[in-house]
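Undergrad: Dropping the structure in here first, questions after.
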Amino acid sequence: MFACLYQPTAPDRDVATLAAIAREFSPRYEQHRDDLVSIDVSGLDRLIGPPRTIGEELRRDATARGVHVHVALARTRAAALVLALARP
């Protein structure tokens, strides 16, 4: 299972914030661009809960840091990336 965080263009964007959020959830993440990061969340269902709950926790963490993100979860990294970019 993979999660993807996409931060729509914002003038005050902090590049390191998305990576910091990803690190909080898993050491297995990849920053694709300044505004796009994917996270391998395999196994987090045992700690956090079902995929919907994982997504809510990711969004909650981002909101607490003052960052508006699109969050998507999917079985493959590519699908998560497409979903995060395509819709909020």
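Undergrad: Give the angle, between 0 and 90 degrees and rounded to the nearest 10, that separates the Cα long axis of helix 77-86 from the longest principal axis of the Cα atoms of the chain.
TA: Helix 77-86 sits at roughly 40 degrees to that axis.
Undergrad: Related question: Helix 51-64 versus the longest principal axis of the chain: what is the Cα-based angle in degrees, 0 to 90, to the nearest 10?
TA: With rounding to tens, the tilt is 30 degrees.
Undergrad: Let me ask something additional. So what is the calculated 222 nm ellipticity per residue for the chain, using -39500 (n - 2.57) for each DSSP H run with n of 4 or more, over all residues, to the nearest 500 deg cm²/dmol? Intermediate results must be reported in sequence, preceding the final value.
TA: On the way: 4 runs with 39 residues, N = 88.
That calculation yields -13000 deg cm²/dmol at 222 nm.
Undergrad: Let me ask another. Relative contact order, percent, of segment 29-72 when contacts are C-alpha pairs under 8 Å separated by at least 6 residues?
TA: Relative contact order of segment 29-72: 21 percent.
Undergrad: Next question, about the same structure. Considering only the other residues whose Cβ falls under 12 Å of the Cβ of LEU83, what net charge follows from Lys and Arg at +1 and Asp and Glu at -1?
TA: Once positives and negatives cancel, what remains is +3.
Undergrad: If ligands, DNA and RNA are left out, what is the accessible area of THR63 with a 1.4 Å probe, given in Å² to the nearest 10?
TA: 90 Å²
Undergrad: Related question: If one takes the longest principal axis of the Cα atoms in the chain, at what angle in degrees, from 0 to 90 and to the nearest 10, does the Cα axis of helix 15-25 lie?
TA: So the inclination is approximately 10 degrees.
Undergrad: Continuing with the same structure: Assuming a viscosity of 1.002 mPa s and a temperature of 20 °C, what translational diffusion coefficient in µm² per second does Stokes-Einstein assign to the chain, Rh being the Kirkwood radius over Cα pairs? Can you show the working numbers first?
TA: Working: Rh = 12.5 Å.
In µm²/s, the coefficient is 171.
The values are calculated or read from the model by the stated rules, or taken from the named source; none is laboratory data. Keep in mind it's a predicted model, so treat the numbers as computed, not measured. We place every Cβ from the backbone using ideal geometry, glycine too, and count neighbours over all the protein chains shown. Each accessible area value is taken on the protein alone, full model and side chains, heavy atoms only, with ligands, DNA and RNA left out. Shrake-Rupley method; radii C 1.70, N 1.55, O 1.52, S 1.80 Å.
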